[in-house]
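Written below as structure tokens is the structure these notes are about.
The values are calculated or read from the model by the stated rules, or taken from the named source; none is laboratory data. The structure presented is a predicted model; accordingly, all values stated were derived computationally and were not measured. Heads up, the Cβs are rebuilt from the backbone with ideal geometry, glycines too, and the neighbour counts pull from every protein chain shown. Note: accessible area is taken over every heavy atom of the protein model, side chains too, but ligands, DNA and RNA are not part of it. Shrake-Rupley method; radii C 1.70, N 1.55, O 1.52, S 1.80 Å.
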Amino acid sequence: APSRKRGSRIRRRQLPTKRANRRKKTKKASKKGPTKKYTAATADKHQLYQLSVQDPESEVDWITKLYTIAYGRVAVTLREDFCGTAFLAAYWLKTSQYRRAIGIDLDL
């Protein structure tokens, strides 16, 4: 059995009870101010795309590993097609001072 320090007994009164869980929940004032509800009229499609689809950290790692395996050298330049937010291109540039990025988006 694991040893406990003297006087460190578990007190059942400290655990939440079922009655405590049934209490009516009250809204607390937000420190950041009111939250904005997304609707079709108020949503930013680029921000929603970044939050739901893009993960530039893993994409840059994957591109770097794949390029090194295929060509035996480090990737320096990235060309991103359909880059509405240029999120990947911006992250690519942050990873090294020697990297360059070209972003192309034709949103007609």
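What to note about this one:
- Selection within region 84-108 - charged (D, E, K, R) and open to solvent by less than 100 Å² (accessible area, probe 1.4 Å): 99, 105
- Residues of region 18-73 that turn out to be at pLDDT below 70 and charged (D, E, K, R), as a count: 11
- Some residue of region 85-101 being in a loop (DSSP other than H, G, I, E, B) and under 19 Å from residue 48 (Cβ atoms): yes
- Failed condition for residue 90, given (1) out of contact with any strand residue (DSSP E or B) (no Cβ under 8 Å at 6 or more places or on another chain); (2) at pLDDT 80 or above: (1)
- The set of residues from region 40-51 being open to solvent by 50 Å² or more (accessible area, probe 1.4 Å) and of a type in the set (A, V, I, L, M, F, W, C) comprises 40, 41, 48, 51.
- Of all residues in region 52-75, those being part of a loop (DSSP other than H, G, I, E, B), of a type in the set (A, V, I, L, M) and surrounded by 12 or more Cβ atoms within 10 Å (Cβ to Cβ) number 1.
- Of all residues in region 61-86, those that are among the hydrophobic types (A, V, I, L, M, F, W, C) have Cβ atoms under 7 Å from Cβ atoms of residues that are open to solvent by 70 Å² or more (accessible area, probe 1.4 Å), 6 or more apart or on another chain, in 76/98; 76/100.
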